[in-house]
Amino acid sequence: MAAFLFGLHVAATIGKGTVDPAVVDNAVIGGTLLGAILWSWACTHYGLPISISHSLIGGLAGAAVAKGGWYVLHAAGFKKILLFIVLSPVLGFLAAFVLMVAFLWVFRRAHPIRVDRLFRRLQLVSAAAFSLGHGSNDAQKTMGIIVLILFSNRAITGHADPGHVPIWVVLSCHLAIALGTAAGGWNVVRTLGTRVTALRPIGGCSAETGAAMTLFVTAALGIPVSTTHTITGALVGVGTTRRLSAVRWGVARRILWAWVLTIPVSAAVGSIGFLALRALGLK
């Protein structure tokens, strides 16, 4: 419930905070989803962790501009999103770095085996906290798109709040994100879990806790940050507490390029998708 209530702020930001709702129709939504799905599929296939929210935002912007021109974009909504493309990994980095340094100092005289045993248990808590933060962000972004479809077709009215988001929307989005992780997300899991930096339980706990803290704050503020950006920044923060060379910067560089390209590429595909769907008669 906490994740749901926090996430409705995020859904509203994506659903009606980035483009003029009046310009949205079924063809715009179709183009949005094509842009987000195709770019996300390509990156997932190659194990590149990208932001699904930014794919959706890019696809929505591209499709909306293809229909109504640049004036349909809400500059204020995009400024907040673009700002946190940079800030979310930085905040995750700082939170995880500080936590890792604090843990290392507190347990500096403890036996490594005992420390590993303790943090294996604590990771159950930190992983649960990060999962809650993940639920307060990622599933809500798809809810925002579905709410926008319902709103534009007058199936619902008003703002995205607990009284206007049907329960089937909530459950279907959570089910879809779980099935997607099980079916095709393991390439990304391997990249984050083993290729960015080597992790021990104390590092995993620090990264998960730091990322969760960042996600809770941004979700409460209604800012659709990337869970992926945040946890990647946190992992780099943990790695740099040992030494800079502990981070595989070549992998980090490829991930960064995927982040930079996400919004423009998904916007381009979204605009092409809108034009194709409109040519096929979808309105």
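The values are calculated or read from the model by the stated rules, or taken from the named source; none is laboratory data. Model, not experiment: these values are computed from the prediction. Neighbour counts are summed over all protein chains in view; Cβ atoms, including those assigned to glycine, are modelled from backbone coordinates with ideal geometry.
Taking the listed residues GLY58, GLY92, the one that is small (Gly, Ala, Ser) and within 19 Å of VAL23 (Cβ to Cβ) is GLY58, with no other qualifying. Only residues that are closer than 15 Å to TRP168 by Cβ and in contact (Cβ under 8 Å) with a residue 24 or more places away in the chain were counted across the stretch 141-155, and they come to 6. For the stretch 20-79, a tally of residues being in a loop (DSSP other than H, G, I, E, B), within 22 Å of PHE151 (Cβ to Cβ) and not small (Gly, Ala, Ser) returns 4.
For the stretch 123-208, the helices (runs of 4 or more DSSP H) that sit wholly inside it and include 3 or more residues that are on the phi < 0 side of the Ramachandran plot and either in contact with a strand residue (DSSP E or B) (Cβ under 7 Å, 6 or more places away or on another chain) or modelled with pLDDT of 80 or more (or both) are 167-184. Note on the stretch 7-19: among residues that are closer than 29 Å to ALA252 by Cβ and part of a helix (DSSP H, G or I), the one that is modelled with the lowest pLDDT is GLY7.
State which residue is surrounded by the fewest Cβ atoms within 10 Å (Cβ to Cβ) when the search covers only the stretch 249-283 and only residues that are within 13 Å of THR32 (Cβ to Cβ) and of a type in the set (Ser, Thr, Tyr). Here the residue is SER271. Considered as a group, the residues in the stretch 118-140 that are within 21 Å of CYS173 (Cα to Cα), buried (at least 18 other Cβ atoms within 10 Å of the Cβ) and not aliphatic (A, V, I, L, M) include one that is farthest from the chain's Cα centre (by Cα), and that residue is PHE130.
Taking the stretch 245-283 as the range and being without any contact (Cβ under 8 Å) to a residue 60 or more places away in the chain, of a type in the set (D, E, K, R) and more than 15 Å from CYS43 (Cβ to Cβ) as the test, only ARG248 passes. Number of residues in the stretch 102-117 that are of a type in the set (A, V, I, L, M, F, W, C), out of contact with any Lys or Arg (no Cβ under 9 Å at 6 or more places or on another chain) and either assigned to a loop (DSSP other than H, G, I, E, B) or surrounded by 14 or more Cβ atoms within 10 Å (Cβ to Cβ) (or both): the value is 3. Give the residue that is nearest to ALA36 (Cα to Cα), with candidates limited to residues of the stretch 55-70 that are touching an Asp or Glu at 6+ places or on another chain (Cβ under 8 Å) and of a type outside the set (D, E, K, R). Restricting to residues being touching an Asp or Glu at 6+ places or on another chain (Cβ under 8 Å) and of a type outside the set (D, E, K, R), the top hit is ALA64. Listed by first and then second residue, the pairs with beta-carbon distance under 7 Å, at least 6 apart or on different chains, first residue in the stretch 178-207 and within 17 Å of ILE37 (Cβ to Cβ) and touching a residue at least 12 places away in the same chain (Cβ under 8 Å), second surrounded by 13 or more Cβ atoms within 10 Å (Cβ to Cβ) and of a type outside the set (Gly, Ala, Ser), are GLY184/THR44; GLY185/THR44; ASN187/THR44; VAL188/THR44; VAL188/PRO49. Considering the stretch 220-249 alone, what residues qualify as being under 11 Å from the mean Cα position of the chain (by Cα) and not hydroxyl-bearing (Ser, Thr, Tyr)? The answer is ILE223, PRO224, VAL225, HIS229, ILE231. Among the residues of the stretch 223-248, those identified as buried (at least 20 other Cβ atoms within 10 Å of the Cβ), part of a helix (DSSP H, G or I) and not hydrophobic (A, V, I, L, M, F, W, C) are THR227, THR228, HIS229, THR230, THR232, GLY233, GLY237, GLY239.
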